[in-house]
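Everything below concerns the one structure shown next.
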2 protein chains.
Amino acid sequence: MTDAAAKRRGRPPRTEAADTRDRILAAAREEFSERGYEKTSVRGIAKAAGVDSALVHHYFGTKEQVFEAAIAVAFAPAANAPDAVAEGPLDGVGERLTRFIFGVWENPATRKPLLAVVRSAVNNEAAAAVFRRLVLSQVLSRVAAQLEVPDAELRAELAAAQLVGTAMLRYVIKVEPLASADPEQIIVRIAPVVQGHLTGP
Amino acid sequence: MTDAAAKRRGRPPRTEAADTRDRILAAAREEFSERGYEKTSVRGIAKAAGVDSALVHHYFGTKEQVFEAAIAVAFAPAANAPDAVAEGPLDGVGERLTRFIFGVWENPATRKPLLAVVRSAVNNEAAAAVFRRLVLSQVLSRVAAQLEVPDAELRAELAAAQLVGTAMLRYVIKVEPLASADPEQIIVRIAPVVQGHLTGP
């Protein structure tokens, strides 16, 4: 919503505090994705944002909470996507889920926080917990809920494994030819696998 | 080979130097898998092995070379497996590859160095290079060579993506119910996917 739109609806314009929060979150995303969770400190984030450490703690709490807030904000534009993925016809869910995930990775604005989550989650239990909560359960549990089979959760996780592994090899480890392949060339092979895990025999 | 067997074949028994090398490699595996590549130092490895840093450099060279040697030694028992995976009949390659990878992960002796590779490769380019060289090309290129299709390498990498992603979610991020599922329950779902990537339409 723009400030003008907010005013028309009777809400106050963005305050200086909101700007400071945004600046802290942007700095946090930058630090976490560059250094990973363990090597990032609240002090380093505060310095990069040009504020005092106490202010970071005041707004967000612990390092884990700053991490979760920094990641959550980056996924906010995609917050409604899980509904769209889960709620369409079941025989297209594999392609919808695959396109959703590739959309997030191919978008530079969301790739960085996602790299931060992946880099951090493999080395740190607190970050792994954020990964499980935010990335997996937000999307996976909604998809699994649509499947009326006893092993729905395991199926959804194996579908996620194909997507997570592809992202790892393409965007993180950068294995060729996968890293340079056209996204459509990958999607055409991955989507039926995801579909098969979810609704196959 | 035992010392006695070595003697019978005219080779010298294991020297003290060989024992020291082994101790350094064991310490290196422990350090890299606990701390990841970046936070591990040659000095820390030397200390854990009870030797001088100069000796580590003398035997293995740089930190990257220590890392590669530590990892390679752990995979030595499985060194012939890629042949067995690649050389059997093509219509069983998916299951053979899947069982090989799960065998390495489920074996505590090889799980630790593999965790070290994954944790390190995600955060460090030198470790990612070792991952590409050792883990991927050792197995993947041999499998791809068996496939007589133009996109064999991409297919092999997407098959690897299913395996890497499953390992990530099961052993590293520990997502339930995948983390506690019986290996056979997973293999029965993964093997056909790996097969499909390699030899499917």
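The values are calculated or read from the model by the stated rules, or taken from the named source; none is laboratory data. Here the structure is a predicted model, which means the values were calculated and not measured. With ideal geometry, Cβ positions are generated from the backbone for all residues, glycine too; neighbour counts draw on all protein chains shown.
What number of residues in the stretch B:138-171 are more than 18 Å from B:LYS112 (Cα to Cα) and in a helix (DSSP H, G or I)? Before the answer, list the steps.
So the first thing to find is which residues in the stretch B:138-171 are more than 18 Å from B:LYS112 (Cα to Cα), and the list is B:138-162.
Within this subset, residues satisfying the condition of being in a helix (DSSP H, G or I) are B:138-146, B:152-162.
Count: 20.
When B:LEU147 is tested against the conditions (1) aliphatic (A, V, I, L, M); (2) more than 20 Å from the chain's Cα centre (by Cα); (3) at pLDDT 85 or above, the lone failure is (3). Scanning the stretch A:113-133 for residues being under 12 Å from the mean Cα position of the chain (by Cα) and surrounded by fewer than 16 Cβ atoms within 10 Å (Cβ to Cβ) gives a total of 1.
Within this structure, A:ALA160 fails the test of being in contact with a helix residue (DSSP H, G or I) (Cβ under 9 Å, 6 or more places away or on another chain) and more than 7 Å from chain B (Cβ to nearest Cβ). If you go through the stretch A:14-43 and keep only what is surrounded by fewer than 20 Cβ atoms within 10 Å (Cβ to Cβ) and part of a loop (DSSP other than H, G, I, E, B), you end up with A:ARG14, A:THR15, A:GLU38, A:LYS39, A:SER41.
Right, B:VAL135: more than 7 Å from chain A (Cβ to nearest Cβ), at pLDDT below 90 and not in a helix (DSSP H, G or I) or not? Outline the logic, then answer.
Details: more than 7 Å from chain A (Cβ to nearest Cβ): yes; at pLDDT below 90: yes; not in a helix (DSSP H, G or I): no.
Against the criterion (more than 7 Å from chain A (Cβ to nearest Cβ), at pLDDT below 90 and not in a helix (DSSP H, G or I)), B:VAL135 does not qualify.
None of A:ALA46, A:ALA79, A:ALA69, A:ALA84 is modelled with pLDDT under 90 and surrounded by 13 or more Cβ atoms within 10 Å (Cβ to Cβ) except A:ALA69. Scanning the stretch B:172-185 for residues that are at the interface with another protein chain (Cβ under 7 Å from one of its Cβ atoms) and assigned to a helix (DSSP H, G or I) yields a count of 2.
Pairs meeting the criteria (first residue in the stretch B:103-122 and within 14 Å of chain A (Cβ to nearest Cβ), second residue of a type in the set (Gly, Ala, Ser) and outside any helix (DSSP H, G or I), beta carbons under 7 Å, at least 6 apart or on different chains) are B:ARG119/B:GLY36; B:SER120/B:GLY36. Of the residues making up the stretch B:31-72, those that are of a type in the set (Lys, Arg) and either under 22 Å from the mean Cα position of the chain (by Cα) or within 14 Å of chain A (Cβ to nearest Cβ) (or both) number 3.
Among the residues in the stretch B:141-151, are any within 10 Å of chain A (Cβ to nearest Cβ) and aliphatic (A, V, I, L, M)?
Residues of the stretch B:141-151 within 10 Å of chain A (Cβ to nearest Cβ): B:151.
Checking the rest, the ones that are also aliphatic (A, V, I, L, M) come to none.
The answer is no, given that none of the residues of the stretch B:141-151 is within 10 Å of chain A (Cβ to nearest Cβ) and aliphatic (A, V, I, L, M).
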